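The values are calculated or read from the model by the stated rules, or taken from the named source; none is laboratory data. Just so you know, these numbers come straight off a predicted model, no measurement behind them. Every residue, glycine as well, gets a Cβ built from its backbone with ideal geometry; the counts of neighbours run over all protein chains shown. The accessibility values were calculated without ligands, DNA or RNA, using every heavy atom of the protein model including side chains. Shrake-Rupley method; radii C 1.70, N 1.55, O 1.52, S 1.80 Å.
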Amino acid sequence: ANTLLEGTPSQGVELRAQQPGGPEVTYDAQPDEVAEAESVAARILRLRQQGREAAEIAVLFRINAQSEAFEEALSARGIPYVVRGAQRFFDRPEVREAVTRIRGAARSGEGQDVLETVRGTLAGMGWTPEAPTARGQTRDRWESWQALVSQAEAFAAESDGHDLGAFVDDLDRRANEQHAPVAEGVTLATFHAAKGLEWDSVFLVGLQDGTLPIT
């Protein structure tokens, strides 16, 4: 902060830390969001095994839609978590409606190609291949839908891509695992929702051009 304010009209006082310095920040590059979530969850599991309380661990990201990969990775390891300042991914209205429509398509047999059906269904709700320039709720909804598209892409790549019913079952499994009640757990929050809060171990994720700052 002192460096940023130096030589500007806002420079009024010199800020001085009241506590000794903590450990140096470490960096860990990953090829994609899923790999990043798996890496972070694995490190959190090690921290828990070493005695660190879940409530003293946080994962911070730029936008709420990024939470889904981390909800999945933590759930797979039985690590409790709480989403601060937002609904869990599958509780969000745009996600609930999208899953309902995809399930309807699966039951009616309207479409069997997973990726084509998901993209078509979401396009009918307002999703576009390119991110909107608008911010706020418009961008948040798009990011949620885009997360579902990414899940469909991953599912299609791991299977023959033609079992829409199996994809719906996978979405239901994710939702059920992420809805387990917890008394306290690892905090998942946006940078903005974390203002004024402190934890012993903090993971800052999605630090890539285009996401931070958001474009």
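Quick look at the numbers
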read-out	value
Mean Cα-pair separation over length for the chain, i.e. relative contact order, pairs under 8 Å, 6 or more apart, %	36 percent
Nearest-20 debye value, the chain charge dipole, Cβ charges on Lys, Arg, Asp, Glu	660 debye
C-alpha long axis of helix 33-49 to longest principal axis of the chain, angle in °	60 degrees
Spin-label pair residue 32/residue 149, simplified geometry with 7 Å Cα→Cβ offset, distance in nm	1.5 nm
Using distinct alpha-carbon pairs, which all enter the 1/r mean, Kirkwood radius of the stretch 76-215 in Å	16.7 Å
Size of charge dipole - the stretch 1-127 - debye, nearest 20, with Cβ of Lys, Arg +1 and Asp, Glu -1, no other charges	440 debye
Length-normalised contact order of the stretch 84-144 in % [C-alpha pairs under 8 Å, at least 6 apart]	29 percent
Among 120, 136, 185: highest mean-square fluctuation, GNM of the chain, C-alpha pairs under 10 Å	136
Lys/Arg +1, Asp/Glu -1 at C-beta; the chain dipole; positive extreme among 5, 122, 150	5
Cα-centred dipole magnitude for the stretch 1-43, charges only on beta-carbon of K, R (+1) and D, E (-1), debye, nearest 20	320 debye
Potential extension, residue 49-residue 4 segment - 0.36 nm per residue separation minus Cα distance	12.3 nm
Those residues of the stretch 35-77 whose amide nitrogen sits under 12 Å from the label point placed on residue 166, 7 Å along Cα→Cβ	none
Highest average packing first - 127-133, 164-170, 23-29, Cβ atoms within 10 Å	164-170, 127-133, 23-29
Residue of 141, 173, 84 that the Gaussian network model of the chain assigns the largest fluctuation, springs spanning Cα pairs under 10 Å	173
Accessible surface, per residue, of the chain when the full set of protein chains is kept, probe 1.4 Å, Å²	59 Å²
Global size of the stretch 54-118 as Cα Rg and Dmax, reported in angstrom	15.1, 47
Segments 42-51, 143-152, 11-20, 98-107 sorted - mean Cβ within 10 Å per residue, highest first	143-152, 98-107, 42-51, 11-20
Label zone at residue 15 (point 7 Å along Cα-to-Cβ), backbone N below 17 Å, the stretch 186-215	191-199
Using a Förster distance of 45 Å, the FRET efficiency for residue 137-residue 76 (Cβ separation, nearest 0.05)	0.90
On Cα atoms only, tilt of 137-158 relative to the major axis of the chain in degrees	60 degrees
Using alpha-carbon coordinates, inclination of helix 93-108 to the longest axis of the chain, degrees	20 degrees
Accessible-area composition of the stretch 1-107, carbon plus sulfur, in percent [1.4 Å probe]	48 percent
Share of carbon and sulfur in the accessible heavy-atom surface of the stretch 117-195 [1.4 Å probe, %]	50 percent
